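Read the figures in this text as sums done on the coordinates, not as results from a lab. Remember, predicted model here, so these are calculated numbers, not experimental data. No Cβ is skipped: glycine too gets one built from the backbone with ideal geometry, and neighbour counts run over all protein chains shown.
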Amino acid sequence: MEKYDVKFKKKLGQNFLKNINVVKRIVDVSDIDDNSLVIEVGPGGAIMTRELALKAKNVLAYEIDQDLSDELFKRLDGFDNVNVLFQDFLNSDLASDVDNYSYDKLYFVSNVPYYITTPIILKLIKSGLKFNKIVMMVQKEVGDRFSTEPGSREYGSITVLLNYFYDIKKEFFVSKKEFVPEPKVDSLVISFTENEHKLPLKDFEFFEKILHDSFQYKRKNIKNNLKAYDLKIVERVLNDFDYDLTVRAEELSIEVFVSLANALYK
Ligand code: SAM
């Protein structure tokens, strides 16, 4: 079991993996090879960074915590294909950082800090970069929410948004016992590959807004949640799918939301 000489910071989501076998399984899921550039957020004590560097052409890692630098550089000694940028990933200029590399395939593989799981994925989507695969360890409940179907309690705006862009697969369960310090929650490794059959969308930001508004008050129906929009148009779209204005957002598929967003966009 890996031991770390580190003062863990809870507020930065610092729960490090201690079992190398879990790390190897995550890296195996990703299918990276020696023509790949891999982005990692939060290398922490480099347990995953090293495994990635053994297989990839280059690893570009973002670590917010400068206090980890001594430990990190010690552990990455001899790994010449790793570059660690000490900065907040959410403020990084990802597309231009990636532009400094030549590669055939691009991957994102991380045990992400859970407090920013969704902002990280949104940043990947908005970067415009084409990832061959995104592999992430996330909190179990969040992974369930990402990969659920309409009608279930976990189905929300983020489910629709992510499943619009990606085919999402639950890869495997990871017990909280595999981390140091041990967190309160278990985890899931999930993978995202680009959905090649995306329905055409007039405007991404407007789609995001319609999703946000549709799910804003969970107990309210679509008529109430979308009352700021032209309800005649909303009703017409819903009727096309055999629904009416009394339906709740959690019952509606991605296709319905895309149609609503496209019909309402001015
Ligand atoms: N990859 C290591 C592992 O699996 O053992 C550490 C994972 S730990 C869950 C998350 C890491 O993300 C920590 O090292 C933390 O300092 C870092 N982190 C937190 N917020 C960050 C941010 N906004 N940008 C970059 N790194 C961040």
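Looking at (1) in contact with a Ser or Thr (Cβ under 9 Å, 6 or more places away or on another chain); (2) farther than 30 Å from R25 by Cβ, which is the one condition that is false for S253? Going through the list (1) in contact with a Ser or Thr (Cβ under 9 Å, 6 or more places away or on another chain); (2) farther than 30 Å from R25 by Cβ, S253 breaks only (1).
Name the residues in segment 44-75 that are over 22 Å from V29 (Cβ atoms) and touching a residue at least 40 places away in the same chain (Cβ under 8 Å), would you?
I64, D65, D67, L68, E71
Figure legend. Inter-residue proximity from segment 157-176: first residues on the phi < 0 side of the Ramachandran plot, second residues assigned to a strand (DSSP E or B) and of a type in the set (D, E, K, R), beta-carbon distance below 8 Å, spacing 6+ or different chains. Indicated pairs: F165/E194; Y166/E194; D167/E194. Looking across segment 231-263, the residues that are within 26 Å of the chain's Cα centre (by Cα), not hydrophobic (A, V, I, L, M, F, W, C) and not in a loop (DSSP other than H, G, I, E, B) come down to E250, E251, E255, S259, N262.
So that you can scan it fast, the table gives a plain yes or no per residue for (1) surrounded by fewer than 19 Cβ atoms within 10 Å (Cβ to Cβ); (2) farther than 24 Å from D33 by Cα; (3) in contact with a Phe, Trp or Tyr (Cβ under 6 Å, 6 or more places away or on another chain):
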position: S69; (1), (2), (3): yes, yes, no
position: L76; (1), (2), (3): no, no, no
position: N81; (1), (2), (3): yes, no, no
position: V84; (1), (2), (3): no, no, no
position: D104; (1), (2), (3): yes, no, no
position: S110; (1), (2), (3): no, no, no
position: I134; (1), (2), (3): no, no, yes
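E149 meets all of the listed conditions (1) among the acidic types (D, E); (2) over 24 Å from N19 (Cα atoms); (3) surrounded by 13 or more Cβ atoms within 10 Å (Cβ to Cβ) but one, namely (3).
When L252, L231, L211 are screened for being in contact with a helix residue (DSSP H, G or I) (Cβ under 9 Å, 6 or more places away or on another chain) and in contact (Cβ under 8 Å) with a residue 60 or more places away in the chain, only L252 passes.
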